[in-house]
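The structure under discussion appears below in the form of structure tokens.
The values are calculated or read from the model by the stated rules, or taken from the named source; none is laboratory data. Keep in mind that this is a model prediction, so the values were computed, not measured. For neighbour counting, all protein chains shown are included, and Cβ atoms are generated from backbone atoms with ideal geometry for every residue, glycine included. Remember, those area values only see protein heavy atoms, side chains included, never the ligands or the DNA or RNA. Shrake-Rupley method; radii C 1.70, N 1.55, O 1.52, S 1.80 Å.
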Amino acid sequence: TQGNRMEIATLNWTTPAATKPRPVALPTALDPAHIGRRFLGGLLTLFGAGLLIALILRLELLFPEGRWLGADTCGRLISLHALLMVYFVAIPGLPALLTSFLLPTALGRPGLAFPRLHRLAWHLYAAGGALLLLSALWGGVKVSWTFTLAHSTAYAQGPVGLTVAAVLLVALSTLLNALNAVASIHIFRAAGRGSAALPVSAWALYAASLILLIATPVLAATLLLIMVERVFEVGWFAPTQGGNPDFLRQLFWFYATPALYALFLPALGVVADVAEDQSGRPLRGRRHVVMAMLAMIPLSFLLWGRHFMAASDALAFSLTASLLNHLVVVPVGVLLVLVAASLAGHRGDAGPARLYAWGFIAYTALGAVSGLALASGALSKLLHNTQFDVAHLHLLVGGGVLSAVLAGLYHHLPRLTQRQVPAAAGCAAARVFLAGVALTFLPLLALCLRGLPRRLHAYPAEYQVGHVLATAGATILLTGLVLAGLNLLRARRVQTVL
């Protein structure tokens, strides 16, 4: 743009526009959109596998005594579902897609700062997914996504080492994508321009990538320590070998807690872009939205103590952890209110993208409120390790983040393919999906109030009604996803006028 100077990767940071070399198109193998399509294919494959496992588990829980799966098989399927959805879909998925498809366009560049690292990130992701599926075919493990100590030590049965290697590879892939996103924004963003120089989703990607750059090496180091302990019987974590089991929990939650916020931020950025584009005006409080996103970077690293409140009797520790976890609600609330205000300012017909955006706000708010209950000292001891944990996480991820992904797909598809999704069919699929989310996870909140623990293969008959409702909701949710996918595929044959 005339009058602006672009930052380029040279020693002379302010090269005049007249002498600046023009961007050269990248080879297909290094094209971020080409790599992004590979990421999309891998994500959809692993996401489909995770959904299939979830449906099998929900059908098994229709009956209090179980019908088809034993307790051991059920535990291994629960672990496989958690590993797939958290490490291979939820945490790396949206940042990888935004880095591949949105960031080059937002920066006005043909590629990223490190295109070969981007390609390497895809190869690491594909190798990690293949190793995890291989470990499942080998019999699977019961480490869950938290790498439960009793199932991760040298005495655990199953291909634990293969599973740890798979998650380590995808962690390195996530780290490379985060490095690429941060470097590209710093190198190529227009000089002398403020927060308006980039879409909100790019700022959200920047904040999430900084979190992942700090947190992911801790996960990688933890996984390496688990592998060393298993191979060489070094007592890092196992008390039978002189280790400290609390060391593993501290390391893991130092990574996992900020990583969940890195999962939330890109989803909110996508919804903010939908609200801004459809309202035809800049996002209300746009600068405050960007500042709140950046404020969540340091805050997210102070919150892992919440996961130790149930096991601690120290009053000072519980009060400090509870206060910090309540403090993070301030920027989250600011973000949700400002985005909701922009969505409400659009007076046109509610299309599918807006319906999914409202679903993101509703389910994220509900997940945040349930998170406050888990962050309160007395309630944490009561609700810890119950179905409340399951409902809380799934409302945020399965309800909130997935709604944001669908909102972004419906909103950006016409621009990417010059095709339009039929509005009526898209709205019908959105209503089915959002209703399915409510019917699936709200009964789990009720079950926890009656004291039902999580990860049970069999349960007392008095809880059957809640599980039947959740299984019916899961079926409706899956139907809504299938309808949404069919609509997006059908859009290829429906011409739009842009």
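State all residues of the range 458-482 that are surrounded by 17 or more Cβ atoms within 10 Å (Cβ to Cβ) and either under 22 Å from the mean Cα position of the chain (by Cα) or at pLDDT 85 or above (or both); if no residue qualifies, say none.
Matches in the range 458-482: L469, A470, T471, G473, A474, I476, L477, L478, G480, L481.
Residues that are open to solvent by less than 30 Å² (accessible area, probe 1.4 Å) and closer than 17 Å to L402 by Cβ within the range 59-88 comprise A82, L84, V86, Y87, F88, listed in sequence order.
Using the structure shown, decide if A435 is surrounded by fewer than 19 Cβ atoms within 10 Å (Cβ to Cβ) and of a type in the set (G, A, S). Here the answer is yes, as A435 does meet what is asked. Is it the case that the range 358-372 has a residue that's touching a Gly at 6+ places or on another chain (Cβ under 7 Å), over 15 Å from V270 (Cα atoms) and buried (at least 21 other Cβ atoms within 10 Å of the Cβ)? So far as the range 358-372 goes, yes, one or more of its residues are touching a Gly at 6+ places or on another chain (Cβ under 7 Å), over 15 Å from V270 (Cα atoms) and buried (at least 21 other Cβ atoms within 10 Å of the Cβ). Of the residues screened, R455 is not one that is touching a helix residue (DSSP H, G or I) at 6+ places or on another chain (Cβ under 9 Å), in a helix (DSSP H, G or I) and open to solvent by 60 Å² or more (accessible area, probe 1.4 Å). Does the range 164-174 contain any residue that is closer than 21 Å to L268 by Cβ, of a type outside the set (V, I, T) and either open to solvent by 10 Å² or more (accessible area, probe 1.4 Å) or at pLDDT 95 or above (or both)? Scanning the range 164-174 turns up no residue that is closer than 21 Å to L268 by Cβ, of a type outside the set (V, I, T) and either open to solvent by 10 Å² or more (accessible area, probe 1.4 Å) or at pLDDT 95 or above (or both).
Do we find that L393 is modelled with pLDDT of 85 or more, surrounded by fewer than 24 Cβ atoms within 10 Å (Cβ to Cβ) and under 24 Å from L439 (Cβ atoms) in this structure? Yes: the conditions hold for L393.
Is the range 242-257 home to any residue that is over 26 Å from A178 (Cα atoms), out of contact with any His (no Cβ under 8 Å at 6 or more places or on another chain) and among the hydrophobic types (A, V, I, L, M, F, W, C)? Yes, that holds for at least one residue.
The single condition among (1) surrounded by 16 or more Cβ atoms within 10 Å (Cβ to Cβ); (2) closer than 30 Å to P422 by Cα; (3) modelled with pLDDT of 75 or more that A341 does not meet is (1).
Residues that are assigned to a helix (DSSP H, G or I), of a type outside the set (D, E, K, R) and more than 22 Å from the chain's Cα centre (by Cα) within the range 35-79 comprise I56, L59, A71, T73, C74, G75, listed in sequence order.
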